[in-house]
Amino acid sequence: MGWRDSINQNLAQSNSLTIELSDPKSQYVLPGTVLSGHVVVRPVKPLTVGSLCITLYGISDAHILRQIGTIQNHFFGRGFLFQEIQTVATGPLTLEPIDGGSSAYRYPFSFTVPETTRSMKENTANVINKWKPKPPFLGAEEMHPLPPRLESKGKSPFGFHESTVSYRLDATCEKTKGGTSPMWLPQMAKDVQFFPVRAQQMPDIGSRPLTSQPHSLKSRQQFSFIIELPSIAYPGGPFPLRVGQSGVTGLRLTSLEVKLQGRLVTRGRNILFGDKVAEEKKEVTVANWANLDLPLAPELGTLQATVPQGIIPTFRSFTVALPEYLVLIKYQVNARSEVVKGEIREGSLHILSPISKYGGKSITK
């Protein structure tokens, strides 16, 4: 570490630069809502600054490693979902300690969280290394809803991959040019804030029926298992199931398992080898009833399940995507003296993003 870096580090530690939200207990940031607070500077010595800025931004990062023997190839992807900058104080300013450094200067800020965004790539101007739209990813200029916050890591036989989607507030204090004060704070981001996001309310989730292939019994009778699923779902929300059958009387449902299987896709780039895509399965169990005794009839009966809170909503962005969930259904039916087992696989179930707008209020006090 050089002497300039040592000075910068000491100055950053001695002069406090922090971010305070108007509602520090808030757990929600929704699109279209107002996020406000103060940038707080608490100098312990005279401090000269050129400007004081705060930035709100969303960022999508991807990293894929492929290794064969001792040879490693790294593939990276970065998409800035949005970036908004506010200058809360324009200098040069000389800030003297207040009450011996126990009090602070407070500068207000206010952002409106965007509802939609386009992924901005750092190298879009580079014609040779320019990214191109590639399903299931969005193009760099396509508008889309903000994806959910995400942290995911996966392994493969030849390496690993990791994906992140995050939202941050950074406060930056810039030094002056030719300032006379012996003390200044170098440009530095402090107190990064991450925001969990959730939907406030849901519309009618609707439903869609699925019918199995016909099952043949020893009596030469046939029946089909019928299950009705929600059209959409959301983390922590209800997942009502309606079950029945057509063709035979006296059937009873004795077990039912419902899983949702998603495909998280990450895209990185190496200037020598081009694009590399890595996939990782994300599977959650919505229902697992092993000891049922439910009569099956043409009139559908209802079972209540719940979507796990930690499920990743479906989304598409420039570098990371989870386009849809496959529904995996396993069931067992008793037909008098016979036991019939079956499976149904159905795709295109969408889990709504927590930051999809279903109404919202300001999160400021």
>> I need the phi-derived Karplus couplings for the range 147-160: 6.51 cos²θ - 1.76 cosθ + 1.60, θ = phi - 60°, integer Hz, Gly and Pro marked x.
In response: x, x, 4, 8, 9, 9, 9, x, 10, 9, x, 10, x, 8
> Taking Lys153 as the anchor, which aspartates and glutamates have their alpha carbon closer than 16 Å to its alpha carbon, excluding any fewer than eight residues away along the same chain?
Replying inline: Asp61, Glu162, Glu279, Glu280, Glu283
> How much accessible area does Leu349 have with a 1.4 Å probe, in Å² rounded to the nearest 10?
Replying inline: 0 Å²
>> Less than 15 Å apart at the alpha-carbon level, and either on another chain or at least 8 residues along: which aspartates and glutamates does that give for Lys45?
In response: Glu96, Asp99
>> A 31 angstrom limit on the alpha carbon distance is what I want to check against. Which of Lys134/Lys341; Lys134/Lys281; Lys218/Lys282 exceed it?
In response: Lys134/Lys341; Lys218/Lys282
> So which aspartates and glutamates can Lys330 reach, going by Cα to Cα under 13 Å and dropping same-chain residues fewer than 8 places off?
Replying inline: Glu257, Glu343, Glu346
> Once a ≥ b ≥ c are taken as the square roots of the eigenvalues of the Cα gyration tensor of the range 228-316, is the result rounded (a/c under 1.5), prolate (a/b larger than b/c) or oblate (a/b not larger than b/c)?
Replying inline: prolate
>> Could you give the length gained by full extension between Val34 and Ser337, i.e. 0.36 nm per residue of separation minus their alpha carbon distance, to one decimal place?
In response: 102.8 nm
> Would you list Thr172, Thr116 from the most to the least accessible area, probe 1.4 Å?
Replying inline: Thr116, Thr172
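The values are calculated or read from the model by the stated rules, or taken from the named source; none is laboratory data. Everything quoted here is computed from the prediction, not taken from an experiment. Calculation scope for accessible area: heavy atoms of the full protein, side chains included, ligands and nucleic acids excluded. Shrake-Rupley method; radii C 1.70, N 1.55, O 1.52, S 1.80 Å.
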